[in-house]
Amino acid sequence: MLRLEARPQPSQAMALVSPLIALVLTALMAAALFAALGKDPGRGLAVFFFEPLNGMRAVSEVLLKATPLITIALGLAVCYRSNVWNIGAEGQVLLGALAGGGVALWLTTQGIVLPKAVAVPLVLAGGVLGGMAWAAITALLRDRFNASEILVSLMLVYVAQQLVNFLVFGPWKDPAGFNFPQTKTFDASTWLPPLLSNTRLHVGIALALVVAAAMWVFMFRTYRGYQLQVGGLAPAAARYAGFSASASLWTALMISGGLAGLAGAMEVAGPLRQLTPHISTGLGFTAIIVCFVGRLHPLGIVLASVLLSMMLIGGELGQSRLGLPNALTGVFQGLLLILLLACDTLIHYRVRLARRIPA
Amino acid sequence: MNEIALLVAATLASGTPLALAGLGLLLNEKAGVLNLGAEGIMLVAAIAGFAAAFTTGSDTLAFAAGALAGGLLAAAFGGLVIWLNTNQYATGLAVSLFGYGFSAFVGVGYVGKKLAESSPFEVPLLADIPFLGPALFKHHPMVYLTIALALAIVWFLYRSRAGLVLRAIGEAPESAHALGYRVRWVRLAAVVAGGALCGVAGAFLSVVYAPLWVEGLVAGRGWIALALTTFATWRPLRVLLGAYLFGGVTMLQFALQGAGVNVASQLLAMLPYLATIVVLALISRNPAWIRINMPASLGKPFHPG
Amino acid sequence: MTDLSKRRLLHWAGITTLAATAALVGCGKKEEPKPTAAAPAASAAAPKPAPLKVAFVYVGPVGDAGWTFAHDQGRKALEAEYGDRIATTFVEKVPEGADAERVIRDLAAQGNKIIFATSFGFMEPMLKVAAEFPDVKFEHATGYKTAPNMRIYDAKFYEDAYLAGVLAGKMTKSNTLGFVASFPIPEVLRNINAYTLGAQSVNPKVKTRVVWVNTWFDPPKESDAAQSLINGGADVLLQNTDSTAVLQTAEKNGKYAFGWDSDMSAVAPKAHLASCVVDWSPYYKKAVKDVMDGSWKTERTVWGVKEGQNSLAKIADFVPEDAKKKVDEVKDGMKAGSFEVFTGPLLDNTGKERLAKGVQADQSWKDKVDFYVKGVEGKIPSGN
């Protein structure tokens, strides 16, 4: 009989190897599924794991998709480590997009053309503030009324979506747009500067990596970060040490909301360049997955974002190159995540063959 | 007057799947397990139920199929979370994701298919009472079963030994283990039972409420149900209240639109969510109340020995 | 075993899995050149022209029995017509945001020579990609921006809605019609207005109530909206959303409704009055022909009943004869090009005149519809 036995300390080697094992297992299952569907398994795997990185433009697309995921997930990691369960990052992304987009729209409609070095930071700052404001509602309700942040942040996602609809179908609609739900395209001065010519990749990825480094420093080298983590791991100890639970709550949610808002602003100032009803395609929720796959650690988050972006893009390519149904991507992602989590057990536990010890 | 009666009726119907799923999740959470996979479970059960109803023409078999499918996926979740001690939040999300894709994949052949006609349900005699009749007595049996279920769960949790064990395990698994209770098996039982209830909710959506199958049918109701258990501060009757509140405000905003009320439809559409937040804030003001009712070990892994 | 050896073992396990993954991926890579290498060998006998690659970008799933389903039927008709002279591909459920650009660009880069994007939200992404691929033809549905290699097409759904309205006006007993609407865009507003105008043409007392669900597709929500309209007194429903939920709710309540986008007659035999269908195949065949014979040019094509793109199908047997006759009469007028749905005198529901007596609306008037006609209750959300 197999037994799980706790290791005296987490295994370093396993921490590196377990994601690879999970990846291989997923690939094997995927290959089996492809074969069952009558598609060539080798080609199927290539489309999912190789094609998304095939060439400069492909890599740029992966990084482009990963940029908001990294940014949001970093904020979520701070939250989750502090035991604040912010499930509503999606709403904060939308508000950030609205706020940042609102700034860009105002500059555009007023005809104000600022140098890029001023306009872009303004837009991004707007995004950060928008996200923080939305997260503040959750923080306030938890702080003053004890309302669960899981519920409040989640409900606010739906409210945010309707707010986007309202603005884009109403007051912010492009008057020259035939009544279609979109704003004017933003003035070029507000667009994020590109990083790689001939691709859509913009400086956002560099910004995201800088934030990742900053996050690492914050969580693991500052006193505040330490307080947050202790508050998350052992709330009673934190209380005895005099760490304010309320301050931790607000810090975590402000950081998370701000980063999510930043991601939203980057999306509208980057690839979209206008506001539409389709600003975010579930980025806030995908980021939660990225956060856990990356084990709440900045480096893991960066890698996990790239991996998940590859899978998402691979799913699109699977359709156009192989005629695979779209639903398959969800199955693979779910499988990968489940296997990753299962294999992670090996880090903390050893598998042992145990014989029944006679009582 | 008639419109109000119809609104009440619509509220009951619309709140039932939320209530069923919410009650199932409540069982999970009382035992200390947080199952974020509710959405995926409801989807898988919805297609299972639809397929069963389509093939056999029987509603009862459809609900059974939904419960079975929900229970199985929940068991997989339980195995991962209880025995392998994987992170509950992440595993739940993974199950949701997987459930969405899997149900879409498997259900491709059922899109556009129609189920056999079912005659409208009415409680004899009572349905003819003016106002109360159309409001309360013209519903599918599952609506009444849900209310009965909520009462049964109250009895189970607070009046039966088994329920006491369940709650004890949710509060202090180490102590329960020391007393000799098989913590992990009880948790698994709660997870499976909860999953089965979510499954019935999913089947209700695809077989009675819509009734049709298309991918993503559940459209976020699993998440709403999760939110509702928190809203209900883990008390079964409050789950019902929350579900009907949500369903009711949803129907109300449609009624307001139809009546030509001069508020943008998007703002009206925010009402159910805002209402839930406001009521939650009011209910939760007393932190002691939450501490009393929230299972202390919710979301934390348990290691025997 | 000592801990050190175990660590060694894990170390090598890690390297092996890495190598295995690389090998698997490497195998896949080698598969790629094979198909193209095989092609010249096979065509050694008689040089057949390479099939024209045609691609479709869908916003929803092909199984939605609605909007995307109808487009996919058009694609299948293309395959039936052109056989192995074309090779079609499609990508479904493409979100209308930043991802769409990537999908369209990839399809263009893969050698597709004509790409159809079937939703408004694909307009900006497609415009950007069209600039980079001048020898690929881009076709965008329901939009308004064009380029030298990108053109637009649309259908006259409002003609279907008008015909449905005629039936509704005859069949309603409460003189209240219901409309389950998705988003307040001109197309949907045209349909609501046409439905009301059609009903009023046979029954001037008719009123229409509208409920906005803010989604194209959410069956339980569509059910709720339909139920709410019925509770408010509506007894004939039309929708602009993509599922059969509204029809089924109508059936449950003993009211009437219509199918939308596809033939939904089988779903609710007692409630189904007719289905407003769209058949994209005539246009798709023309577009492909244009590319094949080099006559493709940027233009805007809006076809309707006259060209066989829109029609009211499967009118129920129990509809009385005089209603069917009236529908046929209007249809004939549409086919002859003499009947225009939006003809003055036309008042909006605040009493303002929108079309003078005898004036037929032109395309630009129709594009800008942002009001309800007289008889529709309420105000358009985020109202203009």
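Please treat every number below as a calculation from the coordinates, not as lab data. Because the structure is predicted, anything quoted here is derived from the model rather than measured. Quick reminder, even Gly has a Cβ in these numbers, built from the backbone with ideal geometry, and neighbours come from all protein chains shown.
Dipole check for the protein assembly as shown: with +1 at the C-beta of Lys and Arg, -1 at the C-beta of Asp and Glu, and the Cα centre as origin, the magnitude is about 2560 Debye. Here the scattering of region A:227-355 is modelled by Debye summation over its C-alpha atoms, one equal scatterer each and no solvent; at q = 0.18, 0.21, 0.23 Å⁻¹ the log10 of I(q)/I(0) is -1.16, -1.28, -1.33.
Considering only A:Ala89, A:Ala66, A:Ala15, the mean-square fluctuation computed in a Gaussian network model of chain A, springs between alpha carbons under 10 angstrom, is largest for A:Ala15.
Find the centroid of the Cα atoms in region C:266-286 and in region B:260-287, then give the distance between the two in whole Å. Cα centroid of region C:266-286 versus Cα centroid of region B:260-287: 39 Å apart.
Panel order for A:Ile70, A:Ile338, by other beta carbons found within 10 Å of each beta carbon, from fewest to most: A:Ile338, A:Ile70. When the charge dipole of the protein assembly as shown is built from unit charges on Cβ atoms (+1 for Lys and Arg, -1 for Asp and Glu) and taken about the Cα centre, the candidate among B:Ile283, B:Leu252, B:Leu12 whose Cα reaches farthest toward its positive end is B:Ile283.
Semi-axes of the equivalent ellipsoid for region C:167-271, computed as √(5λ) from the eigenvalues of its C-alpha gyration tensor and ordered from largest down, come to 18, 16, 12 Å. Taking the charge dipole of the protein assembly as shown about its Cα centre, with +1 at Lys and Arg Cβ atoms and -1 at Asp and Glu Cβ atoms, the residue from A:Leu336, C:Gly375, A:Val93 reaching farthest to the positive side is A:Leu336.
In this structure the amide hydrogen of A:His202, modeled in the peptide plane, comes within under 5 Å of the amide hydrogens of A:Leu195, none closer than 5 places in sequence on its chain. The largest-to-smallest principal axis extents of the Cα set in chain B are 62, 48, 41 Å. Which of the aspartates and glutamates could be linked to A:Lys116 by a straight reach, that is with a Cα gap under 13 Å, when you skip same-chain ones fewer than 8 residues away? Candidates past the 8-residue exclusion: A:Asp187. Relative to the Cα centre, the charge distribution of chain B, modelled as +1 at Lys and Arg Cβ and -1 at Asp and Glu Cβ, gives a dipole magnitude of about 860 debye. Count Lys and Arg as plus one, Asp and Glu as minus one, and take only other residues whose Cβ is under 13 Å from that of C:Pro95; the net charge is then -3. Both radii were evaluated on the Cα set of region B:25-80; the Rg over Rh quotient, with Rh as the Kirkwood radius, amounts to 1.06. Kirkwood analysis of the Cα pair distances in chain C returns a hydrodynamic radius of 23.1 Å. Largest GNM mean-square fluctuation across B:Val207, B:Val108, B:Val192, computed for chain B with C-alpha springs under 10 Å, falls on B:Val108. Taken over region A:43-174, the percentage of Cα pairs per 5 Å bin, counting from 0 up to the bin with the maximum distance, is 2, 9, 14, 17, 15, 14, 13, 10, 5, 2, 0, 0.
Straight-distance candidates among the aspartates and glutamates for linking to B:Lys30, with alpha-carbon spacing under 17 Å and chain neighbours fewer than 8 residues away dropped: B:Glu171, B:Glu174. Remark on region B:168-305: Rg and Dmax equal 19.0, 64 Å (Cα only). By the helix-only formula, in which each DSSP H run with n ≥ 4 contributes -39500 (n - 2.57) and the sum is divided by residues, chain C has a 222 nm mean residue ellipticity of -13500 deg cm²/dmol. What the Kirkwood sum gives for chain A is a hydrodynamic radius of 21.8 Å, with every pair of different alpha carbons counted.
In a shell of Cβ-Cβ distance under 11 Å around C:Leu78, excluding C:Leu78 itself, what net charge do Lys and Arg (+1) and Asp and Glu (-1) give? Local charge sum for C:Leu78: +3. Sorting A:His202, B:His139, C:His71, B:His177 by the number of Cβ atoms found within 10 Å of their own Cβ, with the fewest placed first, yields B:His177, B:His139, A:His202, C:His71. Exceedance of the 25 Å cut-off in Cα-Cα distance is limited, within the set B:Lys138/C:Lys270; C:Lys326/C:Lys379; B:Lys114/C:Lys314; A:Lys39/C:Lys76; C:Lys270/C:Lys326; B:Lys114/C:Lys270, to C:Lys326/C:Lys379. Within region A:131-195, the ratio Rg/Rh, alpha carbon atoms throughout and Rh by Kirkwood, equals 1.16. What shape does region B:1-103 take by its C-alpha gyration tensor, where a ≥ b ≥ c are the square roots of the eigenvalues and a/c under 1.5 counts as rounded, a/b above b/c as prolate, and the rest as oblate? Note, shape of region B:1-103 comes out oblate. Helices meeting the span-like rule in chain A (full DSSP H runs, Cα extent of at least 18 Å along the helix axis, mean Kyte-Doolittle score of -0.5 or higher): A:12-36, A:56-81, A:89-110, A:116-145, A:149-169, A:204-221, A:245-267, A:298-322, A:327-348.
Placing +1 on each Lys and Arg Cβ and -1 on each Asp and Glu Cβ, with no other charges, gives region A:68-299 a dipole about its Cα centre of roughly 340 debye.
Annotation: the antiparallel percentage among DSSP beta bridges lying fully within the protein assembly as shown is about 25. The fraction of Cα-Cα pairs per 10 angstrom bin, counted from 0 for region C:206-336, comes to 12, 34, 30, 17, 6, 1 percent, rounded to whole percents. Calculated on C-alpha atoms, the gyration radius of region C:50-155 divided by its Kirkwood radius gives an Rg/Rh of 0.94. State whether region B:110-181 is rounded, prolate or oblate according to the following rule on the C-alpha gyration tensor (a ≥ b ≥ c being the square roots of its eigenvalues): a/c under 1.5 gives rounded; otherwise a/b larger than b/c gives prolate, and the remaining case gives oblate. Here region B:110-181 falls in the oblate category. Taking each of C:Lys286/C:Lys331; C:Lys53/C:Lys289; C:Lys170/C:Lys324; C:Lys324/C:Lys366 in turn, the alpha-carbon distance tops 18 angstrom for C:Lys286/C:Lys331; C:Lys324/C:Lys366.
Put the Cα centre of region C:86-146 next to the Cα centre of region B:44-112 and the gap is 35 Å. Each of A:Ile301, A:Ile137 was scored by other Cβ atoms within 10 Å of its Cβ. Listed from fewest to most, they are A:Ile137, A:Ile301. Taking the three principal axes of the alpha carbon atoms in the protein assembly as shown, the coordinate ranges are 93, 80, 61 Å, sorted in descending order. Across region B:214-266 the C-alpha pair distances fall into 10 Å bins from zero in the proportions 22, 37, 32, 9 percent. Taking a Cβ cut-off of under 12 Å around B:Pro141, the surrounding Lys, Arg, Asp and Glu residues balance to a net charge of -1, with basic ones at +1 and acidic ones at -1.
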